Amino acid sequence: MNMKEKTEQSLTDLLKTGDEADRCYAARTLGTLGSRSAVEALIKQLTDEDIDVCVDAAEALGRIGDQQAVPALIKSLENEESGEVCTAVTTALGQLGSEDAITILKKIAVDRPDRIEWEDDWDRWWDIQLAAVEALGNFGAEDATGTLLQIMEDETSQDIDPEIFAALANIKESGIAALLELLANGSIMQRRRAARALGHSGNPEVTKALGQALRDESPEVRAATATALADIDAHRYLPALLLLLRDPEDDVRSAAIEACNRLTKSSTGDSGIISEITPLLSDPSSLVRAIVATTLGSLIPPRSLDEESLAAVADSLTDKIYDTAASACDLLGVNGDPASLDTLIATVRNKNIYSMVRRQATLAIGRIGILNADTIDLLKEAIADKEQPVRLAALDALTALDAIPTTEEETTEALQRPLDIVLAAIAGELELSPQETPQKVSQAVEFDPTPIKEQDRKAEDTATETPDVLNAETRSELAEGESLELPEIPGRSVEPGEVNTAVSTLDAIALDNAEVAFGVHEALPEPEVEVEVEQEIEDFLEVVEENKRIGERMTRGRRKISIEDDVRRLGVRVLIGNTDDASVAGLIQALNADDGVLRYEAALAIAETARLHPGLGSLMNAFGSLTTQLGLGDEDQRVACARAMGLLHNKAAMLPLLDVLNDPQTTLRAEAISALVELSINGDDPDKAGHMVIKPVSPKTILRKLSSALEDSEFNVRMAAAKGIVQLLNLEGLSESKTEIVEQLIDTGFLGAGAQARNIGKLLRSIDIQGSAERLLSQLETVDSSAERRFVIEMLEELFISSTDRSQQAA
């Protein structure tokens, strides 16, 4: 008997000896594992005194799929009073697919048994009936079609018509015939539902009937039919769908465009769709124009739109519907015709339209890729725009233009390099346009590690807060003609030495630390007074302080900042993934800025760039600053630095990262663990890379440190350690620690009320299935409570569940 069989036997025994919770957990896991040896024991549990056990047993039998359970399930359905149990049994019979079950399923789908209990004002039979309909559909039972139609025609029954249509679509002969009849002669709703169901049937023989339904008098039916033809890949009906593009109804034309687009993508060539839908760029329906623009954007080659089409797209740029205007901007960018630049520039400068449309117009300018004085001037203006999405798009467009090789004409024009503009913005050296006075904005865009260049119309719905230039603190309250009275006694002059010389933030932190160390400006100590505080009050105060700290961190990103500062931070983001020396130098300069948020953005950008481009030597110039800020930065900064230090693959980072494993900040401990694992596995050889590693740290030392972290009070630290340990065990020389690690991981699975038991089980599976199972089965017999046995069962389940079983369980 192998370990899986031993596990199934132990769980089967638990079905007989455990309490109701044990029996539920055991039944579920036996079903998930597909244990045929447990079928007889599960059949007995169909009459368990606990309803939940009966339900779990029925569901398990359905998952296992053994036909010997069918008679017992039918008997249960005929006699059980609990609607919840009958529903589970009905579903199980549908999964088993036995012909013997069809009769009882047809009967219970139509006739409500008197024994079924009501639950408050809900009739449990409704759930049973729905489960029976779905089961009959799963069977594809030909003699069930009449029953399904009977339910649909019963005006007193619940509205489960969509499920009935889906069931009929699975019945290959009589069911499809019934749907074709409904498509031809049913009500509008029935014709629409029949068309959609036929599309999902996967039966190519229904295409002729669907083709005829394209001429249905109802727009709803025509639209549903167009979608259905695309669902079954009816390519030969593409010409008919193209004709539908001239339908008088907006919804029909929209459905036809989407269907044509889908069919074109799944075939070779455009099948004439481009020439057919291009005239619809001037369609009176805004919705149709939006869909046409989006479809053409995925099909047309560069510079393929003629002047008439470009004019039609330009007309949509000021459409009142955002999607239409934004799609038009995108299409002009894809088309890439320089003739569209003036139109797009005007759109960006039009402050009366949606900011997100102006954003898409800005991105389109970058995509067209023409570098001249007009585009440079426009983008420099847009960087100072009061709307953050426009500013971000301008910086993104500049980086896109910088990546395009310049032509000889552009080179002789002596234009400013686009990247230099971005770097100047990051450094705070960019002069804002005089029309745009620096205003207060809300920094509401969170960091996204995906390089901004790769984002396609990412919705950065950011709120720009612009208070009056004269706010409540600075607004004069003098009435007209009133003079300002000055105080009789002038204020005291500041004496030399009273004001410190301005220093950077990091220097100030270091200075403060030095003053504390040497007792500078140290006040006389207050007399100590011992106050006894109850432990419960201390715990409460700690929670209050922690919540206060978290609240301050959450609101920091929404503080009002100037446009100039916001542009600096956005500029850092658009440099993510750039590998040229100037871009990396700009990130490192930002890493050492006075602005704490800018330093945080720079650390994250360096980390992501290192992830995208391992071995990028110029990033190593950031190592010293990252190490310093790991010790002196605020909470978020230290986390970002830890991440970056791991991804730089310089093993000199191991010692400072080890130092923070005992830091009180939970997220920092978890990030340091991940960084140490990354360095242990993928770190560069110090000799080959020229890294100065004063004291090497062996993987065995890291493994020992992570083993200690398995007992951390915070679950995310424990899980980071557990995942890291599994990765380290694959390294040479560490596999002998498996037995000890397995025991530690199992103990970890019990912590935190077993919240991570399943995740621990998955990790155990990747280390040692047999050894882990032996240890867990021993635990199953010795733990005291059903809650603890549940943790053991969940870990056992994850040890033996297959990928197929896992996907079925998720479904």
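Things to note:
- Residue match in segment 653-671 (condition: surrounded by 23 or more Cβ atoms within 10 Å (Cβ to Cβ), touching a helix residue (DSSP H, G or I) at 6+ places or on another chain (Cβ under 9 Å) and over 29 Å from Glu711 (Cβ atoms)): no
- Within the option set Leu591, Leu616, being over 25 Å from the mean Cα position of the chain (by Cα) and either of a type in the set (S, T, N, Q) or open to solvent by less than 10 Å² (accessible area, probe 1.4 Å) (or both) holds for one residue only, Leu591.
- Among residues of segment 713-750 being charged (D, E, K, R) and not in a loop (DSSP other than H, G, I, E, B), the one that is modelled with the lowest pLDDT is Glu736.
- Residues being more than 19 Å from Arg358 (Cα to Cα) and among the basic types (Lys, Arg) - total across segment 283-322: 1
- When residues of segment 686-699 are limited to those that are in a loop (DSSP other than H, G, I, E, B) and open to solvent by 70 Å² or more (accessible area, probe 1.4 Å), the one modelled with the highest pLDDT: Pro696
- Some residue of segment 64-75 being assigned to a helix (DSSP H, G or I) and either closer than 18 Å to Ala21 by Cα or touching an Asp or Glu at 6+ places or on another chain (Cβ under 6 Å) (or both): yes
- Candidate set from segment 779-801 (those that are of a type in the set (D, E, K, R) and open to solvent by less than 30 Å² (accessible area, probe 1.4 Å)); member that is nearest to Gly31 (Cα to Cα): Glu797
Conditions tested, residue by residue: (1) closer than 30 Å to Ala403 by Cα; (2) modelled with pLDDT of 90 or more; (3) among the β-branched types (Val, Ile, Thr); (4) open to solvent by less than 10 Å² (accessible area, probe 1.4 Å).
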position	(1), (2), (3), (4)
Lys548	no, no, no, no
Gly551	no, no, no, no
Lys560	no, no, no, no
Arg568	yes, yes, no, no
Val574	yes, yes, yes, yes
Leu587	yes, yes, no, yes
Tyr600	yes, yes, no, no
Gly624	yes, yes, no, no
Asp636	no, yes, no, no
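- Selection count where residues are in contact with a Gly (Cβ under 8 Å, 6 or more places away or on another chain), open to solvent by 10 Å² or more (accessible area, probe 1.4 Å) and of a type in the set (A, V, I, L, M, F, W, C), scope segment 366-397: 1
- Hey, Ala361 in contact with a Cys (Cβ under 6 Å, 6 or more places away or on another chain), farther than 21 Å from Ala255 by Cβ and open to solvent by less than 10 Å² (accessible area, probe 1.4 Å) or not: yes
- Scan of segment 39-52 for residues that are open to solvent by less than 30 Å² (accessible area, probe 1.4 Å) and out of contact with any Asp or Glu (no Cβ under 6 Å at 6 or more places or on another chain), ordered by number: Ala41, Leu42, Gln45, Leu46, Asp48
- Test: residue in segment 109-120 that is crowded, with 16+ Cβ neighbours inside 10 Å, under 27 Å from Asp159 (Cβ atoms), touching a residue at least 12 places away in the same chain (Cβ under 8 Å) and not aliphatic (A, V, I, L, M): yes
- Segment 306-350, residues that are in contact with a Lys or Arg (Cβ under 8 Å, 6 or more places away or on another chain) and basic (Lys, Arg): none
- Neighbours by Cβ (under 9 Å, 6+ apart or cross-chain): first from segment 273-301, in a loop (DSSP other than H, G, I, E, B); second basic (Lys, Arg) and modelled with pLDDT of 90 or more: Asp283/Arg253; Asp283/Arg289; Ser285/Arg253
The values are calculated or read from the model by the stated rules, or taken from the named source; none is laboratory data. Because the structure is predicted, anything quoted here is derived from the model rather than measured. Here the Cβ is made from the backbone with ideal geometry for all residues, glycine too, and neighbour counts use every protein chain on show. These accessible areas exclude ligands, DNA and RNA; they are computed on the full protein's heavy atoms, side chains included. Shrake-Rupley method; radii C 1.70, N 1.55, O 1.52, S 1.80 Å.
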